[in-house]
Amino acid sequence: MKAHLIADNVYCLHADIQTADLFEGIWPIPQGVSLNSYLVKGEKTALIDLIRDWEGAPNQIELGLASAGARFDNVDYLILNHLEPDHTGWLKEFREQNPRAEIIATAKGISLVKAFYKIDTGLRVVKDGDILDLGCGKVLTFFETPNIHWPETMITWESRSRTLFPCDAFGSFGALGDRVFDDEFTPEEHVFFEKESLRYYANIVSSFSVFVERAIKKLAELDIACVAPSHGIVWRRDPKKIIDRYLKYASYSREGEKEIAIIWGSMYGNTKAGLDAVVRGIEKEGVPYSLHRVPDENVSYVLADAYKSTGMVIAMPTYEYAVFPPMAYVLDIFRRKHISNKIALRIGSWGWVGGAKKEYDAILTGFKWDNLESLEWTGYPTEAEFTVLEERGRALARAVSQSGSGNQPAEP
Ligand code: FEO
């Protein structure tokens, strides 16, 4: 991939990853992902964020470096904003090609360099506000922004071009192709990247939303001309758009959109029949909803809409005296990802004996959910149960409509 010029001697280098492999070994990326690195050239040369050896990424970045008149072996500084191996997996090989480059990270980042890659020399710890002068007017400043989404994370700022290099923050799934800048993509492509940035946020970052808000507040004084993350679009026309989008995503940890995520599984159609009545009730109240059948749909996509929505329907049958197993997996992911502050309705059918309710209620202990009265029935719903189910759907929709104050970011 050729380098893309952000400003005088500031370049974006990116590797597009198209693979059946999973991101973090969990999350599907059917439309790929980009690994972005950045080159800043003064009298000295800095490479910001690296890559892993994944689908030819080192070669793609090497081609970008060459098109910008640089090589891995003439880089003076390697800045590692974040040590997760998608940005550092190729570090040992880099070191073999370039034994003299200084590797720069926070104290916790340097500890991880030693632990992951057994590199003990040529390391420099930087603290909040430290400066690296590359010469020729190129000055990098480092801001510690812990827990986006690992504890060692920092953000690098280049003051001449007013470019922010935030690594994972403001990132997205989705390969870029031969364009990288926000002004080069069509409105339809932006719709795709908006969805993929929400999924990326919900999957990777959402548990750390308070730290996202804290970092954005910390950087508020910077006059940012370009946001250059290490996944996804580089924002030079409208950098505020992705910052505001991330603030909105962070606010979903407290209050979602006035929408309902319906997550359902059904063995023989009886739970589905009851769910159809709930959906009729929701539609009568005019509240938008999304439908997600488990296990057909990967939890990555379920998580994105569940995180975004204020309302939730959990519809599943009892399975062997307990929660329908695919739903148990989804609920476990919700617990691990701290999916909080939802208004939830649980419904479901059972055959010869119930049991899902008992386990479901136990799972929900610790979830900060406002749970509406649930309904379970034997086999196929009766007419009376259909009536109740439709009314429960309406009640949920009304509760979602009347909830909260509309996504105001809280003071971290
Ligand atoms: Fe893109 Fe947390 O690594």
(Q) Can you tell me how many residues within segment 299-327 are hydrophobic (A, V, I, L, M, F, W, C) and part of a loop (DSSP other than H, G, I, E, B)? (A) 2
Q: Identify the single condition in (1) surrounded by fewer than 24 Cβ atoms within 10 Å (Cβ to Cβ); (2) assigned to a strand (DSSP E or B); (3) not aliphatic (A, V, I, L, M) that Gly348 does not satisfy, given that it satisfies every other one.
A: (1)
(Q) Please go through (1) more than 16 Å from the ligand (Cβ to nearest atom); (2) without any contact (Cβ under 8 Å) to a residue 60 or more places away in the chain; (3) open to solvent by less than 60 Å² (accessible area, probe 1.4 Å) for Ile131 and return the number of the only condition it doesn't satisfy. (A) (3)
Q. Which members of segment 4-63 meet the condition of being part of a strand (DSSP E or B), of a type in the set (Val, Ile, Thr) and under 25 Å from Val299 (Cβ atoms)?
A. Ile17, Val33
(Q) Yes or no: segment 251-268 includes at least one residue that is under 22 Å from Pro146 (Cα atoms) and either open to solvent by less than 10 Å² (accessible area, probe 1.4 Å) or without any contact (Cβ under 8 Å) to a residue 60 or more places away in the chain (or both). (A) yes
Q.
Suppose we filter segment 351-377 for residues that are under 20 Å from Ile260 (Cα atoms) and part of a loop (DSSP other than H, G, I, E, B); how many remain?
A. 5
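Yes or no, residue by residue, for (1) out of contact with any strand residue (DSSP E or B) (no Cβ under 7 Å at 6 or more places or on another chain); (2) part of a helix (DSSP H, G or I):
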residue	(1), (2)
Thr141	no, no
Asn147	yes, no
Trp150	yes, no
Leu164	no, no
Gly171	no, no
Glu189	yes, yes
Ser206	yes, yes
Leu222	no, no
**Q.** Cross-chain or 6+ apart pairs with Cβ under 6 Å, segment 138-154 first and of a type in the set (Val, Ile, Thr), then part of a loop (DSSP other than H, G, I, E, B) and within 12 Å of the ligand (Cβ to nearest atom)
**A.** Thr145/Thr153; Ile148/Ala169; Thr153/His82
Q.
Please determine whether any residue of segment 95-104 is open to solvent by less than 10 Å² (accessible area, probe 1.4 Å) and either within 23 Å of the chain's Cα centre (by Cα) or modelled with pLDDT under 95 (or both).
A. no
Q: Output the number of residues of segment 219-263 satisfying the condition of being within 16 Å of the ligand (Cβ to nearest atom) and within 12 Å of Val180 (Cα to Cα).
A: 8
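The values are calculated or read from the model by the stated rules, or taken from the named source; none is laboratory data. These numbers come from a predicted model, not from an experiment. Cβ atoms come from the backbone with ideal geometry, glycine included; neighbour counts cover every protein chain shown. Just so you know, the surface numbers come from the protein's heavy atoms only, side chains and all, with ligands and any DNA or RNA stripped out. Shrake-Rupley method; radii C 1.70, N 1.55, O 1.52, S 1.80 Å.
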